[in-house]
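Input: a single structure, listed below in structure tokens.
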């Protein structure tokens, strides 16, 4: 009879189910090849030093969201196009500026 590895009473490492399965928590007693591979795979799991592509994308998305939130917070209240144009004309030096608009200008 095959002996399976079970870390907890309700789960078996190879994924098999049944009432007549023999299980043990001692790796030396295990005879199921799938359970042994599962245990070896857990033990020899390499430590990743570089982030995964999904982690990099999530970090870039978070950085982009924070930058957008900062830019939105700094945004000045929007003026209508007419108000913006009038403001630009007021900032120009002298009274010689075109287009004249509806009101007549004293001199050009």
**OP:** Could you tell me whether the range 47-54 includes any residue that is at pLDDT below 85, surrounded by 10 or more Cβ atoms within 10 Å (Cβ to Cβ) and either under 29 Å from the mean Cα position of the chain (by Cα) or not in a helix (DSSP H, G or I) (or both)?
**Re:** no
**OP:** State all residues of the range 28-39 that are under 13 Å from residue 2 (Cα atoms) and either in contact (Cβ under 8 Å) with a residue 12 or more places away in the chain or part of a loop (DSSP other than H, G, I, E, B) (or both); if no residue qualifies, say none.
**Re:** 29, 30, 31, 32, 34, 35, 36
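The values are calculated or read from the model by the stated rules, or taken from the named source; none is laboratory data. Keep in mind the model is a prediction, meaning the values are calculated, not measured. Here Cβ is always computed from backbone atoms with ideal geometry, including for glycine, and neighbour counts include all displayed protein chains.
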